[in-house]
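**Q** Can you keep this structure in mind? I'll have questions shortly.
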């Protein structure tokens, strides 16, 4: 069992809002995507063609910040507000989509963009699945 | 001129997406709201009636994270994506509304909740105004 | 191979500063600790004895922020500065130590504090090991 | 009175650790530096000579993350730990020094680097002053 799952099991209140496994997966994909995007932005600026990757750097940084905020909000149950979580999952899905679109353009030439695009795709899927479960 | 405004003026590309003054104001309100919510959560848990402020602590922390992400995304112009920014401004408006609703319940007894509710109200207004200007 | 390891392998520059496996482990422990501390703070405020866990909430939030910053700085190689990384690893070790000390006090009664203390212990160890390898 | 000062005044516990005005100033400089560095990194990658600014982008992002963590930790009083705060202020001083050194190299050609270097210099000073007051 991962620490994400262990912490959710140990939460003292009821967990009524989400399916436990879907929530754990979404937190893990958000956390992973945030780290991958942070590393991809840094790898892009170290490439010889950094100037052509400017948009990719900026979108990766945006994606890192929104996925991080989403991971943190989903890690808290006490102040749960369905409208807030739904709006944030939509924003997270959008930014993962934007980062996926940008990174896959460079995936042939840059392995870090390929790995990052894949992390964004999985994260967007997990967000949409969780979003669909909000009544 | 604040540093937020100075940095925006010094951006090398065109700033086509937003009215400059509205963007500066929104960044400043997001940055301020993030700090205020961080401090309010900490003040709430130090109150003798902390157990009754549990939801307020959690919502303040959510608001701090989303306003921070919004401030950062709005501070970047290079990877601008209208759909991402619109979705995030909506999420930011929602979480500021939720935090305002919670904090003003305690504003009579806790000055930090009164100041925080006011910061959330101003931030939500700035987000909605900026959102309305996206074509 | 985790995405953290894959991204590090795909970095276009040389990775001279650290042993690759130690760096990957440290990033992973920081990322995990940040999420665990975020969840532990939220679980603490939802406990009936929240008022007695006030210090634990605040220290967990501090630990979440510093481990996050450390994970991000370690995810970037391009602007590596030995003094910055060393100072941040020391701060990360300190805050994990403080959070471990606080959480283990409550570990008998609160499973989330037990899991969190363990995550902090592992993260502090990874930080100290990486710190020792900086020339 | 700024919201930073108002929130500190409203804190329910005693504020024994710091001079109030020095603490307010340090939080404000950290918050401002974090925003300025975020914007400077984005402006750098949009410059035609982005490839030569690679190190500047990365150091600005590091500085944004550490100053943000410092602002958040200083915004919380409840879990105050002198060793944690001292270690983090040292890390913040180091990263502001590194970012100042890098940005001022480009200050002649890039106004955003000039503004950013100045924000880093003020933030480092505020951190050192606060650090000196810790017994």
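The values are calculated or read from the model by the stated rules, or taken from the named source; none is laboratory data. Computed from a predicted model, the values in this text were never measured in an experiment. Every residue, glycine among them, receives a Cβ derived from its backbone with ideal geometry; neighbour counts consider all protein chains shown.
**Q** Exactly one of (1) buried (at least 24 other Cβ atoms within 10 Å of the Cβ); (2) facing chain A (nearest Cβ under 7 Å) is unmet by residue B:81. Its number?
**A** Every listed condition holds for residue B:81 apart from (1).
**Q** Looking only at the stretch D:28-39, which residues are facing another protein chain (nearest Cβ under 7 Å) and surrounded by 24 or more Cβ atoms within 10 Å (Cβ to Cβ)?
**A** Filtering the stretch D:28-39 for residues facing another protein chain (nearest Cβ under 7 Å) gives D:31-32, D:35-36, D:38-39.
D:31, D:35, D:36, D:38, D:39, listed by residue number.
**Q** Which of (1) part of a helix (DSSP H, G or I); (2) crowded, with 21+ Cβ neighbours inside 10 Å; (3) at the interface with chain D (Cβ under 9 Å from one of its Cβ atoms) is the odd one out, the single condition residue C:124 does not satisfy?
**A** The one condition residue C:124 does not meet is (3).
**Q** If the requirement is being in a loop (DSSP other than H, G, I, E, B), touching a helix residue (DSSP H, G or I) at 6+ places or on another chain (Cβ under 7 Å) and at pLDDT 95 or above, which of these qualifies: D:71, D:87, D:64, D:107?
**A** Numbers: D:71 fails: in a loop (DSSP other than H, G, I, E, B); D:87 fails: in a loop (DSSP other than H, G, I, E, B); D:64 fails: in a loop (DSSP other than H, G, I, E, B).
Going through D:71, D:87, D:64, D:107 in turn, just one is in a loop (DSSP other than H, G, I, E, B), touching a helix residue (DSSP H, G or I) at 6+ places or on another chain (Cβ under 7 Å) and at pLDDT 95 or above: D:107.
**Q** Kindly check whether there is at least one residue in the stretch C:48-68 that is surrounded by fewer than 24 Cβ atoms within 10 Å (Cβ to Cβ), more than 12 Å from chain D (Cβ to nearest Cβ) and under 26 Å from residue A:112 (Cβ atoms).
**A** no
**Q** Looking at (1) touching a residue at least 12 places away in the same chain (Cβ under 8 Å); (2) within 30 Å of residue A:54 (Cα to Cα); (3) assigned to a helix (DSSP H, G or I), which is the only condition residue D:54 fails?
**A** Only one criterion in (1) touching a residue at least 12 places away in the same chain (Cβ under 8 Å); (2) within 30 Å of residue A:54 (Cα to Cα); (3) assigned to a helix (DSSP H, G or I) is unmet by residue D:54, namely (1).
**Q** Right, something else. Among the residues of the stretch C:13-24, write down those that are surrounded by fewer than 20 Cβ atoms within 10 Å (Cβ to Cβ) and either part of a helix (DSSP H, G or I) or at pLDDT 95 or above (or both).
**A** Quick first cut of the stretch C:13-24, residues surrounded by fewer than 20 Cβ atoms within 10 Å (Cβ to Cβ) only: C:13-22.
Matches in the stretch C:13-24: C:20, C:21, C:22.
**Q** Please give the number of the condition residue D:45 fails out of (1) surrounded by 24 or more Cβ atoms within 10 Å (Cβ to Cβ); (2) under 19 Å from the mean Cα position of the chain (by Cα); (3) within 12 Å of chain C (Cβ to nearest Cβ).
**A** It is condition (2) that residue D:45 fails.
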